[in-house]
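Heads up: the structure comes next, in structure tokens.
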Amino acid sequence: MTDPTASVQTCLRVHGPMTNDEIDSIANHWNGLDARLRSFEPDDVRLHLYLKDRDTPSQHLTVEARIAGLPSLVATSSETDLDVALNVVRDEMIRLVGDAKETHRARDTERFGSA
């Protein structure tokens with residue numbers, strides 16, 4: 001039986017020059033984001049990582065999250081060190097997903113009253 005919760009491993013799609021080992025490493029290293037995604041089903045989450053101009057001074061990394069019921073979330077980094085850039089976008093995405101979930105929960109509470 002498969003896990004019915006979303007995770008980086010199941011939802012991440014990489015667009016740009018990265019090896020499978022690097023992608024697996026991201027999924028393992030981003031477990032803090034997994035904790036934020038656990039309340040969603042895998043089919044409700046789309047994570048896209050875009051890497052442009054890798055290993056150049058103009059390297060740019062973007063992570064876009066499309067999660068059912070939440071606005072589109074985007075984290076970016078122009079750090080030239082890929083590991084640093086990955087940490088920056090991971091931390092920002094953790095914050096964005098957490099904030100979006102809290103805002104969504106607050107709106108539901110206002111609309112329907114507390115349980």
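Just the residues that are of a type in the set (D, E, K, R) and under 16 Å from G16 (Cβ atoms), please, taken from segment 57-82.
Residues of segment 57-82 of a type in the set (D, E, K, R): 64, 66, 79, 81.
Passing the criteria: E64, E79, D81.
Mind listing whichever residues of segment 86-115 are among the polar types (S, T, N, Q) and either surrounded by 10 or more Cβ atoms within 10 Å (Cβ to Cβ) or modelled with pLDDT of 95 or more (or both)? Quick ask: steps written out before the conclusion?
In the first step, residues of segment 86-115 are kept if they are among the polar types (S, T, N, Q); the result is 87, 103, 109, 114.
Within segment 86-115, N87, T103, T109 qualify.
List the strands (runs of 3 or more DSSP E) that sit entirely inside segment 1-108 and contain at least 3 residues that are without any contact (Cβ under 8 Å) to a residue 40 or more places away in the chain and in contact with a Phe, Trp or Tyr (Cβ under 9 Å, 6 or more places away or on another chain). Can you show your working first?
Details: elements: 12-15, 45-52, 60-67, 73-77.
Where strands (runs of 3 or more DSSP E) fall fully within segment 1-108 and carry at least 3 residues being without any contact (Cβ under 8 Å) to a residue 40 or more places away in the chain and in contact with a Phe, Trp or Tyr (Cβ under 9 Å, 6 or more places away or on another chain), they are 12-15, 60-67.
The values are calculated or read from the model by the stated rules, or taken from the named source; none is laboratory data. Because the structure is predicted, anything quoted here is derived from the model rather than measured. Positions of Cβ are backbone-derived with ideal geometry, glycine not excepted, and every protein chain shown enters the neighbour counts.
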